[in-house]
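Asks: Handing you this structure, nothing more for now.
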Amino acid sequence: MSRYPLDPNQVELTAIRAQGAGGQNVNKVSSAIHLRFDVMASSLPDHIKQRLLAMADARLSKQGVIIIKAQQHRTQELNRDDALARLQAMVDAVSHQPKARLATRPTYGSRQRRLEGKSRRSGIKALRGRVDD
């Protein structure tokens, strides 16, 4: 169950013809689904709307409309479910707020190990120089 379920009345679904090979049936049946979801007109909370609009996603238009084309399956019903699931996944992805990173310092031992490794590498490289008699 999603934390922010979508209202089906706010999603515009249109049946279109799918691209690609499909035999004799491809020009007769509109099995692909074109989903349009206006973020600003939706009933989602404001912080979710702002995160959706801030996403760098090709499916988001400049007008703030999410456009998803589902044509993976052979039936319109499966493509409709797929498009709605992909839209819900986008909303769920922005609803999770990552924890703020706490700044930490390297330990004394890790600094010593780093410097010891650098000096060992420096010694190896120093031995590669020209040999003088």
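Asks: What label, among [x] 140; [y] 111; [z] 255, belongs to volume of the Cα convex hull per residue in Å³ computed from the structure on display?
Replies: It is the one labelled [z].
Asks: Per DSSP H run of at least 4 residues, take -39500 (n - 2.57); add these up for the chain, divide by its residues and hand me the 222 nm value, nearest 500 deg cm²/dmol.
Replies: Working: 3 runs with 48 residues, N = 133.
Result for the chain, helices only: -12000 deg cm²/dmol.
Asks: Which lysines does Lys28 reach when only Cα atoms under 20 Å apart count, and residues fewer than 8 places away in its own chain are ignored?
Replies: Those lysines meeting the cut-off are Lys69.
Asks: How would Lys49, Lys62 line up from fewest to most surrounding beta-carbon atoms within 10 angstrom? Don't skip to the end; give the middle numbers.
Replies: Values: Lys49 18, Lys62 5.
Least to most surrounded, the residues fall as Lys62, Lys49.
Asks: Let me ask another. Using the basic label-point model (7 angstrom from Cα toward the beta carbon), what is the Arg121 to His47 distance in nanometres?
Replies: My value for the distance between the label points is 4.2 nm.
Asks: Next question, about the same structure. Neighbour counts of other C-beta atoms within 10 Å: give me Ser95, Ser42, Ser31 arranged from fewest to most. Write out the running numbers ahead of the final one.
Replies: Numbers: Ser95 16, Ser42 19, Ser31 22.
With the sparsest Cβ surroundings first, the list reads Ser95, Ser42, Ser31.
Bear in mind these aren't lab numbers, they're just calculated from the coordinates by the rules spelled out. Model, not experiment: these values are computed from the prediction. Here Cβ is always computed from backbone atoms with ideal geometry, including for glycine, and neighbour counts include all displayed protein chains.
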